[in-house]
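Below is one structure; the comments refer to it alone.
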């Protein structure tokens, strides 16, 4: 029997998502991608105290990919320096300096089983209960996403500064950032993830090209 094929574009990223809030009201979600449809990539999603959402990214190609999935009030393409060494992430982007230090890594078991439809609801319930996140959903632009997590670290220390001004003490996310279908974990965190994206409209194909598409297959939605 021939397996039904899904229409649209499917692509995958592999890397780490680090998120933290600070007492000044600034909140950050950093994507440190070892692999993406356009190669290694670093981006910073920044929710400011006034509610505005800003994307910082190091090249226009990265901005095109991320804004095909998410919506922002401003996008700034600028030189960025970032490194992730074990559980320590350091990012410098323009006037922004950001450091997060992760604690003990906790592997998330059964990575292969999470490709099966019956396991996804259980995974989603656990993620919601333990971290306050959703593992699948539809982005503001209509892209279906499934976040498969492989490792979790609690961020135990962090600093952020903007143009030399300290942004305060590390704290949990009290206000929604509104970047996508799910908010970041309640507490500052680093999570190794493999997001699978499925765009029924095919708009992603215009950004990633055919070499970035991983082929037809089932949608990441449950």
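The values are calculated or read from the model by the stated rules, or taken from the named source; none is laboratory data. This structure is a prediction, so every number in the text was calculated from the model and none was measured. Counting neighbours? That spans all protein chains shown, and the Cβs are built from the backbone with ideal geometry, glycine included.
Going by the conditions given, is residue 178 out of contact with any strand residue (DSSP E or B) (no Cβ under 9 Å at 6 or more places or on another chain) and not in a strand (DSSP E or B)? No: the conditions fail for residue 178.
The rows are residues; the columns are (1) at pLDDT 75 or above; (2) over 15 Å from the mean Cα position of the chain (by Cα); (3) in a strand (DSSP E or B).
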| site | (1), (2), (3) |
| --- | --- |
| 122 | no, yes, no |
| 156 | yes, yes, yes |
| 168 | yes, yes, no |
| 194 | yes, no, yes |
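For residue 118, state whether it is assigned to a loop (DSSP other than H, G, I, E, B) and at pLDDT below 85. Against the criterion (assigned to a loop (DSSP other than H, G, I, E, B) and at pLDDT below 85), residue 118 qualifies. Going through region 132-150 one residue at a time, which ones are modelled with pLDDT under 80, in contact with a strand residue (DSSP E or B) (Cβ under 8 Å, 6 or more places away or on another chain) and farther than 16 Å from residue 70 by Cβ? Within region 132-150, 135 is the sole residue that qualifies. I'm trying to understand the selection: among the residues of region 17-46, which are touching a residue at least 24 places away in the same chain (Cβ under 8 Å), surrounded by fewer than 21 Cβ atoms within 10 Å (Cβ to Cβ) and under 18 Å from residue 85 (Cβ atoms)? Listed by number, the list holds a single entry, 32.
Listed conditions (1) modelled with pLDDT under 95; (2) surrounded by 13 or more Cβ atoms within 10 Å (Cβ to Cβ); (3) closer than 19 Å to residue 12 by Cα are all met by residue 58, apart from (3). The residues of region 198-213 that are assigned to a loop (DSSP other than H, G, I, E, B) and at pLDDT below 80, listed by number, are 201, 202, 209, 213. Of the residues 99, 16, the single one that is part of a strand (DSSP E or B), modelled with pLDDT of 95 or more and either farther than 30 Å from residue 165 by Cα or within 14 Å of the chain's Cα centre (by Cα) (or both) is 16.
Within region 52-71, the only residue that satisfies the criterion of being touching a residue at least 24 places away in the same chain (Cβ under 8 Å), more than 14 Å from the chain's Cα centre (by Cα) and closer than 20 Å to residue 24 by Cβ is 53. Of everything in region 87-96, what is assigned to a loop (DSSP other than H, G, I, E, B) and either in contact with a helix residue (DSSP H, G or I) (Cβ under 6 Å, 6 or more places away or on another chain) or more than 17 Å from residue 19 (Cβ to Cβ) (or both)? Give them in sequence order. Across region 87-96, the qualifying residues are 94, 95.
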